[in-house]
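Enquirer: Structure incoming, see below.
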Amino acid sequence: MLGIDTQIGLTVIRELCKHGVTVHGIASDATGVGLYSRYLATGHIRSETEDGIIQQINTLARQTGTTWLLAVGESDILLINRRRDELIGITPLIPEADEFAKVLDKQTTLAAARSVGIITPQSWALDNLNDFEKIKPQLRFPVVIKWRNPHRVVRRLGKSGKTLQKYRYAYDPDELIEYLGKFEIIGELPLIQEYCPGYGVGQMLFLHEGKTVLRFQHRRIAEWPPEGGASAVCESLPIEAHNEMMAKSEALLRLLGWSGPAMVEYRYDPETQKAMLMEVNGRFWGSLPLAHHAGAHFVWLTLAIAAFGQVPEMRPYTPAVRCRSIVPELKRLLRVTFHPEMIQDKMLRPSWPHEWLLFLVRYLVPRTYYYVFSFDDPRPFIMDSWLSVRRVVTRRFAGGARYFG
């Protein structure tokens with residue numbers, strides 16, 4: 001297992017081991033939470049180079065007799081696909097390069113989605129800032145700025161001294177043009193998208209030979225950052241909820257020629273009952289622990305089909321199961337309480353006393369589980385909590401002002 005640093009890799013370890021599978025894991029460094037799971041057979045720190053990683057995987061496969069390779073991160077999936085022919089005696093269970101490239105490219109995904117009847121946010125792609133005046137009359141502020149394909153620009157951004165920001169809000173033309181102007185130096189500008197109100201809904205599907213063999217869906221109750229990002233608290237939805245949306249999600253993945261697990265992510269506005277497509281995750285997603293606890297075992301299904309050539313029997317998953325990621329949830333609370341001005345979505349102004357009350361009440365909600373904490377495997381949570389506290393203290397005493405951000 002390449003990438004056991006987060007709750008995703010940890011869930012992969014736990015789910016496979018509970019199905020009787022031995023898992024060996026590679027983490028980026030000693031802070032990887034998966035390293036501390038009692039279910040992990042052996043844990044390793046990854047090599048610093050691509051060549052070293054491939055050699056490390058081949059060595060582990062030879063020494064342990066491992067025949068299957070899973071990867072979590074998009075960059076790792078891209079790496080394995082680039083060097084797939086160099087793997088010896090081990091088969092990667094990841095998307096093929098061509099199908100993965102389609103879901104990484106937001107413009108390709110959005111165009112395919114529109115062709116199957118999915119509503120997508122209006123988007124504008126500029127070749128250069130001279131084109132801005134042409135689209136300016138069409139813009140309704142705020143707008144959201146994001147990269148068409150983050151992996152394509154991350155190195156160029158680094159060389160120019162800039163960091164990759166997943167998204168950015170702009171509230172007027174001057175703010176937008178000022179932000180876009182920072183990226184002319186790399187020869188590519190990010191996409192501009194219309195603002196989509198509502199909350200996140202994720203529909204997770206597993207396609208095998210053109211058929212959907214597993215469906216699961218959830219809604220996001222709280223996110224980090226508060227204006228939209230990874231889910232800090234999420235809840236499984238009944239399978240019959242959003243039937244039309246689910247049918248269109250299946251149609252989209254079939255059109256993209258997808259095989260395996262994927263999450264189709266929407267922004268759902270309960271007032272208008274309209275859902276806007278945000279993206280397709282062609283890998284195991286951040287809220288994978290919720291699917292695991294609810295009984296939708298995507299990881300086991302991935303391995304079972306590859307290893308045994310057949311779809312195992314899957315029981316219906318349980319709705320109204322909640323899952324919490326305590327560290328991101330606390331970071332969200334601290335920002336709402338101490339730095340609400342840092343929340344980019346100015347339409348989102350949560351009350352900090354109400355948010356703290358919800359945080360405490362959630363401990364009393366039945367069928368609540370956690371991304372990292374587990375009574376039968378507590379060490380990952382202990383280490384994750386300790387490392388988080390240590391990072392905060394280190395930044396504080398190093399003079400890092402706004403360490404809550």
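Enquirer: Do any helices (runs of 4 or more DSSP H) lying entirely in the range 295-365 carry at least 3 residues that are among the aromatic types (Phe, Trp, Tyr), and which ones are they?
Expert: Working: elements: 298-308, 326-338, 352-361.
The qualifying helices (runs of 4 or more DSSP H) are 298-308, 352-361.
Enquirer: How about the range 209-219: which of its residues are among the polar types (S, T, N, Q) and either crowded, with 22+ Cβ neighbours inside 10 Å or part of a loop (DSSP other than H, G, I, E, B) (or both)?
Expert: Gln217
Enquirer: All but one of (1) touching a helix residue (DSSP H, G or I) at 6+ places or on another chain (Cβ under 8 Å); (2) exposed (fewer than 15 other Cβ atoms within 10 Å of the Cβ) hold for Ser351, so report the exception by its number.
Expert: Going through the list (1) touching a helix residue (DSSP H, G or I) at 6+ places or on another chain (Cβ under 8 Å); (2) exposed (fewer than 15 other Cβ atoms within 10 Å of the Cβ), Ser351 breaks only (1).
Enquirer: Also, quick follow-up: Which of (1) surrounded by fewer than 14 Cβ atoms within 10 Å (Cβ to Cβ); (2) of a type in the set (A, V, I, L, M, F, W, C); (3) touching a Leu at 6+ places or on another chain (Cβ under 7 Å) does Phe338 not meet, given it meets every other one?
Expert: (3)
Enquirer: Let me ask something additional. Scanning for something within 23 Å of the chain's Cα centre (by Cα) and within 30 Å of Ala241 (Cα to Cα), does the range 386-404 turn up at least one residue?
Expert: No, every residue in the range 386-404 fails to be within 23 Å of the chain's Cα centre (by Cα) and within 30 Å of Ala241 (Cα to Cα).
Enquirer: Can you name the number of the only condition in (1) under 24 Å from Asn281 (Cα atoms); (2) surrounded by 14 or more Cβ atoms within 10 Å (Cβ to Cβ) that Ile90 fails?
Expert: Among (1) under 24 Å from Asn281 (Cα atoms); (2) surrounded by 14 or more Cβ atoms within 10 Å (Cβ to Cβ), Ile90 violates only (1).
Enquirer: Still on this model: Which condition from (1) over 21 Å from the mean Cα position of the chain (by Cα); (2) more than 25 Å from Phe373 (Cα to Cα) is the one that Gln344 breaks?
Expert: (1)
Enquirer: Which ones in the range 341-391 are under 14 Å from Arg14 (Cβ atoms) and either of a type in the set (A, V, I, L, M) or in contact with a Ser or Thr (Cβ under 8 Å, 6 or more places away or on another chain) (or both)?
Expert: Tyr370, Tyr371, Val372, Asp377, Arg379, Pro380, Phe381 - these are the residues of the range 341-391 that are under 14 Å from Arg14 (Cβ atoms) and either of a type in the set (A, V, I, L, M) or in contact with a Ser or Thr (Cβ under 8 Å, 6 or more places away or on another chain) (or both).
Enquirer: Still on this model: Out of (1) outside the structural domain of Phe338 (by TED's automatic domain parsing); (2) on the phi > 0 side of the Ramachandran plot, what's the single condition that is false for Pro190?
Expert: Exception for Pro190: condition (2).
Enquirer: Evaluate the following for Val365: is it out of contact with any strand residue (DSSP E or B) (no Cβ under 7 Å at 6 or more places or on another chain), within 30 Å of Pro261 (Cα to Cα) and aliphatic (A, V, I, L, M)?
Expert: The answer is no for Val365.
Enquirer: Would a scan of the range 40-54 turn up a residue that is of a type in the set (Lys, Arg) and buried (at least 17 other Cβ atoms within 10 Å of the Cβ)? Talk me through it step by step, then tell me what you get.
Expert: Going residue by residue through the range 40-54, those that are of a type in the set (Lys, Arg) are 46.
In the following step, the residues that additionally are buried (at least 17 other Cβ atoms within 10 Å of the Cβ) were identified as 46.
Yes, some residue in the range 40-54 is of a type in the set (Lys, Arg) and buried (at least 17 other Cβ atoms within 10 Å of the Cβ).
Enquirer: Out of the range 159-208, which residues are among the aliphatic types (A, V, I, L, M), touching a residue at least 24 places away in the same chain (Cβ under 8 Å) and assigned to a loop (DSSP other than H, G, I, E, B)? Give the steps one after another, and end with the answer.
Expert: Our first condition is that a residue be among the aliphatic types (A, V, I, L, M); within the range 159-208, this holds for 164, 170, 176-177, 180, 185-186, 189, 191-192, 201, 204-205, 207.
Next, only the ones that are touching a residue at least 24 places away in the same chain (Cβ under 8 Å) stay: 170, 176-177, 180, 185-186, 189, 191-192, 201, 204-205, 207.
Leu189 - this is the single residue of the range 159-208 that is among the aliphatic types (A, V, I, L, M), touching a residue at least 24 places away in the same chain (Cβ under 8 Å) and assigned to a loop (DSSP other than H, G, I, E, B).
Enquirer: Hey, another quick one. List the number of the failed condition for Ile13; all other conditions in (1) farther than 27 Å from Glu313 by Cα; (2) surrounded by 19 or more Cβ atoms within 10 Å (Cβ to Cβ); (3) not hydroxyl-bearing (Ser, Thr, Tyr) hold.
Expert: (1)
Enquirer: Report whether or not Ile80 is more than 25 Å from Ile186 (Cα to Cα), outside the structural domain of Phe284 (by TED's automatic domain parsing), hydrophobic (A, V, I, L, M, F, W, C) and part of a helix (DSSP H, G or I).
Expert: For Ile80, the condition - more than 25 Å from Ile186 (Cα to Cα), outside the structural domain of Phe284 (by TED's automatic domain parsing), hydrophobic (A, V, I, L, M, F, W, C) and part of a helix (DSSP H, G or I) - is met.
Enquirer: Let me ask another. Only residues in the range 108-128 that are part of a helix (DSSP H, G or I) and surrounded by 15 or more Cβ atoms within 10 Å (Cβ to Cβ) count as the first member; pair them with residues that are at pLDDT 95 or above and among the hydroxyl-bearing types (Ser, Thr, Tyr), Cβ under 6 angstrom, at least 6 apart or cross-chain, and list the lot.
Expert: Leu110/Thr120; Ala113/Thr120
Enquirer: Moving on to the next point. Six or more apart or on different chains, Cβ under 7 Å: which pairs go from a residue in the range 354-366 that's closer than 14 Å to Leu334 by Cα to one that's hydrophobic (A, V, I, L, M, F, W, C) and in a helix (DSSP H, G or I)? Could you list them?
Expert: Cβ pairs passing all conditions: Glu355/Leu333; Glu355/Val336; Trp356/Leu333; Phe359/Leu333.
Enquirer: Same structure again: Against the definition (farther than 27 Å from Asp376 by Cα and of a type in the set (Asp, Glu)), how does Glu50 come out, yes or no?
Expert: The answer is yes for Glu50.
Enquirer: Quick check: anything in the range 372-395 within 30 Å of Pro261 (Cβ to Cβ) and touching an Asp or Glu at 6+ places or on another chain (Cβ under 7 Å)? Reasoning before the result, please.
Expert: Of the range 372-395, the ones within 30 Å of Pro261 (Cβ to Cβ) are 372-385, 387-388.
Still in the list and also touching an Asp or Glu at 6+ places or on another chain (Cβ under 7 Å): 372.
Yes: the range 372-395 contains one or more residues that are within 30 Å of Pro261 (Cβ to Cβ) and touching an Asp or Glu at 6+ places or on another chain (Cβ under 7 Å).
Enquirer: Filter the range 24-44 down to residues that are in contact (Cβ under 8 Å) with a residue 40 or more places away in the chain and in contact with a Lys or Arg (Cβ under 6 Å, 6 or more places away or on another chain) and give me whichever is nearest to Arg62 (Cα to Cα).
Expert: Tyr39
The values are calculated or read from the model by the stated rules, or taken from the named source; none is laboratory data. From a predicted model like this one, the values you see are computed outputs, not experimental measurements. Cβ coordinates were reconstructed from backbone atoms using ideal geometry, including for glycine residues, and neighbour counts include every protein chain displayed.
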